[in-house]
Amino acid sequence: MPRLAQLYFKTAIIFLIIGIAMGLHMAIGQDHSAIGAHAHANLLGWVTMAIFGGYHALNPAKAQKRLAMIQYGVYTGGVALLVPSLYLMLTGSPQLEPLVAIASIIVFIGVLLFAAIIFGSSETVSRPTAVPSR
């Protein structure tokens, strides 16, 4: 499996842990004001990053490209900035809204870069051939 796919899976599981911890904190405190940050941690962090990792695992030639690592850095940085700033904004710091907006734009740029990877060169890895039966 390409290194980039492993990075995505490792980062995704970290966001899953964060998302679950946020959900537990909300449930225990019976304060669901940060539900948006919880959803973003799980969907942008866990689900989307796992999908990105799966794509790169299935397309190792594209995972080796410089753009793929740049995309990982941009997207991951955006999500890492978005989740805590959104959490703080939703739990009583409305002055962080501009930071949430900037982080959202960074995440969007990361998604556009991923689209460029997908729609870029159509290099494919040859599929394994079936082993002839004896």
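The values are calculated or read from the model by the stated rules, or taken from the named source; none is laboratory data. What you see is a predicted model; the values in this text were computed from it and never measured. Ideal geometry is used to build each Cβ from the backbone, glycine not excepted, and the neighbour counts take in all protein chains shown. Accessible surface areas use protein heavy atoms only, side chains included; no ligands, DNA or RNA. Shrake-Rupley method; radii C 1.70, N 1.55, O 1.52, S 1.80 Å.
Tell me, which residue of the stretch 1-12 that is open to solvent by 50 Å² or more (accessible area, probe 1.4 Å) and more than 10 Å from the chain's Cα centre (by Cα) is farthest from Leu88 (Cα to Cα)? Walk me through how you get there before you give the answer.
In the first step, residues of the stretch 1-12 are kept if they are open to solvent by 50 Å² or more (accessible area, probe 1.4 Å); the result is 1, 3, 6, 9-10.
Subset that is more than 10 Å from the chain's Cα centre (by Cα): 1, 3, 6, 10.
Numbers: Met1: 37, Arg3: 33, Gln6: 30, Lys10: 25 Å.
If we take residues in the stretch 1-12 being open to solvent by 50 Å² or more (accessible area, probe 1.4 Å) and more than 10 Å from the chain's Cα centre (by Cα), then Met1 is farthest from Leu88 (Cα to Cα).
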Residues that are closer than 22 Å to Gly78 by Cα and open to solvent by less than 40 Å² (accessible area, probe 1.4 Å), drawn from the stretch 25-37
Ala34, Gly36, Ala37
Sort through Ala101, Ala68 and tell me the only one that's part of a helix (DSSP H, G or I), within 22 Å of Ala115 (Cα to Cα), open to solvent by 30 Å² or more (accessible area, probe 1.4 Å) and modelled with pLDDT of 95 or more.
Ala101
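One line per residue, one yes/no per condition, for (1) of a type in the set (Phe, Trp, Tyr); (2) assigned to a loop (DSSP other than H, G, I, E, B); (3) in contact (Cβ under 8 Å) with a residue 24 or more places away in the chain; (4) surrounded by fewer than 18 Cβ atoms within 10 Å (Cβ to Cβ):
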site	(1), (2), (3), (4)
Phe15	yes, no, yes, no
Gly23	no, no, no, yes
Leu43	no, no, no, yes
Met49	no, no, yes, no
Gly54	no, no, yes, yes
Tyr72	yes, no, yes, no
Leu81	no, no, yes, yes
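Suppose we filter Tyr8, Tyr87 for residues that are in contact with a Phe, Trp or Tyr (Cβ under 8 Å, 6 or more places away or on another chain) and at pLDDT 95 or above; which single one remains? Break it down stepwise before answering.
Details: Tyr87 fails: in contact with a Phe, Trp or Tyr (Cβ under 8 Å, 6 or more places away or on another chain).
Tyr8 is the lone residue from the list that is in contact with a Phe, Trp or Tyr (Cβ under 8 Å, 6 or more places away or on another chain) and at pLDDT 95 or above.
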